[in-house]
Amino acid sequence: MVYAMQKTIGLQGDAQMQALLVRELRRQQQTLQMIPSENYASADVLRANGSVLSNKYAEGYAGKRYYQGNEVVDEIEEVAIARAKKLFGAQHVNVQPYSGSPANMAVYHALLKPGEKILGMKLSMGGHLTHGHGVNFSSRYFKAVQYDVDEKTGLLDFEALRKIALKEKPQIIVSGATAYPRMIDFKAFDEIAQEVGAYSFADISHIAGLVVGGVHKSPLPFTDVVMSTTHKTLRGPRGAMLMCKNEDGVVVIPEGVDEKERFKLKDLARKIDSAVFPGLQGGPHMQSIAAKAVAFHEALQPEFKSYAIQVVRNAKVLALVLMEHGIKVVTEGTDTHLVLVDLRPQGKSVGREAAVALERAGIVANANTVPFDTASPFMPSGLRLGTPALTTRGMRESEMKEIGGWISAILLDLKNTELQLRVRACVEELCARFPIYTELEE
Ligand code: DSN
């Protein structure tokens, strides 16, 4: 048994860390992963991410590095970029950002001077810290103005957004969210940005896999800059990427674009690249870039489209089952991979208690604010549930019905620990029927 465990993770000289890594593998195998921003990357992605590339420094870009020994990593980065361009129909791609927050920082660094204005969605409405939240660099070094969703419907309100944009005249308008369950109209964002002379910037971290799977509208090629993390619905390694317009890209610049505009397009790519390196980052994590390339290859396969379709189908069924049990769901459903549960009918600030109760039952979700929540982000009144990881396990509508029933029962009886333990046994049995990472077991 001890021998088998050592083989499974494979650490030879550090028994303490070996045991912890095996424990985490078992936790992922034996619980239902329902945090919408998490997924199970393939064993190949994990292998690339844990490869010898971790040893290599490669400041710069392919063909222009500040260290020697780059013949292999240059090719790896070029392959990653070519695959990403194909996947998203992007004109220019940078695969070096370490993660989403630094990538967003690079965009602001590239396009704004300190003190210029960002217009982004409020965190409590479903935005992200880096979209201008008060405690974040995005509002310390820039002036941040924030938009809400509509209080009645929970939906984006483009008339209100346009009014703010016309009044505030931001230099950049950020679209994209971490807790918005409906389709985002990126075209409408871009039109408002154009009207007020701002850059349009889409953060598609949550929905990138749905975009490439064709089940969410894409912000490309019209949005000026697009950022995505690579580890959420896209199912790659922890990391991020930036895409923007560029004169020399795959997408041909339409006839009639004048010289000034052509220069701006070219300039944008140059600005983004130099903001990432040397503006903010040093050596790119080549192991992560190789793992991104593997994930892009996987997402280019026809099966990935079926995966994305199923992620959304599963989320829709989950939302429906919760509502049938009397649970309040923000916007009364979902178009995406996530379901935002409003627990205010169960009591203000019960999100954390609910997440802990579910965790006791082996269902891992996260407490989250809901629009117009008066509770704090740490003790919010909502819960965020997602289907990307469960869908990767192969679960479908019938499993969602079962899981939705368990979640509803727990949410409606939060103090009932005996129920939570009973559900835990069912969860373990379900997980055993949909195994993950068997290829990592030896
Ligand atoms: N932390 C991520 C999420 O869970 O949505 C966003 O960066």
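What follows is calculated from the coordinates using simple rules that are stated; it is not laboratory data. Since we're looking at a predicted model, the values are computed, not measured. Note that we place each Cβ from the backbone using ideal geometry, even for glycine, and neighbour counts take in every protein chain shown.
Taking the numbered list (1) of a type outside the set (K, R); (2) over 21 Å from the mean Cα position of the chain (by Cα); (3) surrounded by 21 or more Cβ atoms within 10 Å (Cβ to Cβ); (4) farther than 30 Å from Y437 by Cα in turn, V370 passes all entries but (2).
Filtered by the rule that a residue be outside any loop (DSSP other than H, G, I, E, B) and either of a type in the set (A, V, I, L, M, F, W, C) or surrounded by fewer than 21 Cβ atoms within 10 Å (Cβ to Cβ) (or both), the stretch 89-108 gives V93, S101, P102, A103, M105, A106, V107. Taking the stretch 109-146 as the range and being closer than 30 Å to M286 by Cβ, more than 16 Å from the ligand (Cβ to nearest atom) and surrounded by fewer than 18 Cβ atoms within 10 Å (Cβ to Cβ) as the test, only Y141 passes.
Looking across the stretch 28-73, just one residue is touching a strand residue (DSSP E or B) at 6+ places or on another chain (Cβ under 8 Å), surrounded by fewer than 18 Cβ atoms within 10 Å (Cβ to Cβ) and under 14 Å from I289 (Cα atoms), and that is E59. Annotation: of all residues in the stretch 147-190 being among the hydroxyl-bearing types (S, T, Y) and closer than 21 Å to V329 by Cα, the one that is surrounded by the most Cβ atoms within 10 Å (Cβ to Cβ) is Y180. With respect to K64, is the statement that it is touching a residue at least 40 places away in the same chain (Cβ under 8 Å) and of a type in the set (K, R) true? Answer is no for this residue. Candidates are the residues of the stretch 194-207 that are crowded, with 24+ Cβ neighbours inside 10 Å and free of Cβ contacts under 8 Å to residues at least 60 places away in the same chain; the one that is farthest from Y147 (Cα to Cα) is I204.
For the condition more than 16 Å from the ligand (Cβ to nearest atom) and buried (at least 24 other Cβ atoms within 10 Å of the Cβ), what is the one hit in S349, S376, S398, S381? Going through S349, S376, S398, S381 in turn, the sole match is S381. Scanning the stretch 308-328 for residues that are surrounded by fewer than 23 Cβ atoms within 10 Å (Cβ to Cβ) and touching a Pro at 6+ places or on another chain (Cβ under 9 Å) returns G326, I327, K328. Residue selection: A193 satisfies the criterion of being within 24 Å of S274 (Cα to Cα) and away from the ligand (no atom under 16 Å from the Cβ).
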